[in-house]
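Here it is: the structure, laid out below.
The values are calculated or read from the model by the stated rules, or taken from the named source; none is laboratory data. This one's a predicted model, so the numbers in the text were calculated from it and none came from an experiment. Note that each Cβ is placed from the backbone with ideal geometry, even for glycine, and that neighbours are counted across all protein chains shown. We work out accessible area using only protein heavy atoms, side chains counted, and drop any ligands, DNA or RNA first. Shrake-Rupley method; radii C 1.70, N 1.55, O 1.52, S 1.80 Å.
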Amino acid sequence: MAPERRVEGVARDDWDPDDLPDLSGRRYLVTGSNTGLGFFSCLQLAGAGAHVIMTARNPSKLSRARAAILAQVPDADLETLALDTSNLGSVRAAAATVRGRVGLHGVMFNAGMVHPPKTREVTRDGHELVIATNALGHYALAGALLPALAAARGRMVWLGSVATKLFPWDPVDPDLVENYTPWRAYVQSKVATSAIGFEADRRLRAASVPVASLVAHPGYSLGGRTRRIAGVSAPTRRKRFVGGLQAAVSQSKERGAWAPVRALVDPEAEGGQYWGPAHTYTGSPVLVRAPRVTIDPDVGARMWHYAEHATRAEWPYLKGRRLRLR
């Protein structure tokens, strides 16, 4: 259910994703900015006047994405930063570049693997590749950027997935040492990401840290439903055909970015909320009910403990404030 806004005494939701509030003077960082949801999130933020830090692991693709935004928003205030969320060394280096500046109003943890490898792969840090990319790197990045977010009373948005509602697997073996499948790796990584996002809000509130943590999902967003943009989006005929067959239950990546962007910039959004398309897979961005497994405090505490130990990164402000594992 969308938050109510009162206009002339009538409660209604008047959010327009094509007409965002003026974001001039505000700074946001988006991971995985070179394509898909991340690119369109940056485009929407830049179009509203925000300073956007675009990050991705491939500098040349990142440069093309920046050029594509400037072609549509000539006065866009953009900077680029190399960041590979599967590599904790890269995460630390990128965070060191960003956190020394004044204030950060929001971070969108978008980067992730949607098409995992057929067989289990391990990162140089020793963790299963998919959960390292989708969850662990973002946990470490969030902690490293927390002082900058707190300085601006900012917020962080974690990218969930509708798959966590359809297949609510509890990641009892997060690194999938046994029973690896690509689909299980993806779904468990998204359960972990969402659970960490909700747990972050609990812990930040308990420690009175002025940073909100929210989770959002893009519905069923397909490249085949997305407009062609040189250097960024070039769906093949086959993707177009498949996207057309699923038109009734799918939307473009551009529209998929609506919910994460609203969670990031809507002045009325609050920590602990879950945002997504109004019709589950498609539609305007509204408040929705989070999958039970992702808001379970026990799952959240377990995933937090796992991420903290896997990354060897304890968040500032939370040090010494150990919450009892539920």
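Roughly speaking, to the nearest percent, how much of the chain's 1.4 Å accessible area is carbon and sulfur?
50 percent
Per residue of the stretch 303-316, in order, report the coupling 6.51 cos²θ - 1.76 cosθ + 1.60 (Karplus, θ = phi - 60°) as ³J(HN,Hα) in whole Hz, putting x for Gly and Pro.
So the Karplus estimates, Gly and Pro as x, are 5, 5, 4, 4, 5, 4, 7, 5, 9, 6, 10, 9, 5, x Hz.
Once label points are set 7 Å from the Cα along Cα→Cβ at both S284 and K118, what is their separation, rounded to one decimal in nm?
Going from the S284 label point to the K118 one covers 4.5 nm.
If you restrict to DSSP beta bridges whose two residues both lie in the stretch 27-323, what percentage is antiparallel, to the nearest 5?
15 percent
Taking loop as defined by DSSP and a crowding limit of 15 other beta carbons within 10 Å, which trypsin sites (Lys or Arg not before Pro) in the stretch 67-170 fit?
Sites meeting the loop and neighbour criteria: R101, K118, R124, R153.
Stretch R153-A67 to full length: gain in nm at 0.36 nm per residue minus the Cα-Cα span?
The span from R153 to A67 would gain 27.9 nm if fully extended.
Excluding N87 itself, calculate the net charge of residues whose Cβ lies under 11 Å from the Cβ of N87, where each Lys or Arg counts +1 and each Asp or Glu counts -1.
After counting each charged neighbour, the total is +1.
Calculate, for E268 and T181, the FRET efficiency according to 1/(1 + (r/R0)^6) with r their C-beta to C-beta distance and R0 45 Å; round to the nearest 0.05.
0.65
If you don't mind, another one. Hey, got the dipole for the stretch 17-151? About the Cα centre, +1 on K and R Cβ, -1 on D and E Cβ, debye to the nearest 20?
Computed about the Cα centre, the dipole is about 420 debye.
Just want to confirm a number: the relative contact order over the stretch 40-151, from Cα pairs under 8 angstrom separated by 6+ residues, in percent.
Value for the stretch 40-151: 27 percent.
Another question, if that's okay. Which lysines, if any, have their Cα less than 28 Å from the Cα of K61, not counting same-chain residues under 8 positions apart?
The qualifying lysines are K118, K190, K239, K253.
State in Å² the accessible area per residue of the chain; use a 1.4 Å probe, count heavy atoms of protein chains only, and round to the nearest integer.
45 Å²
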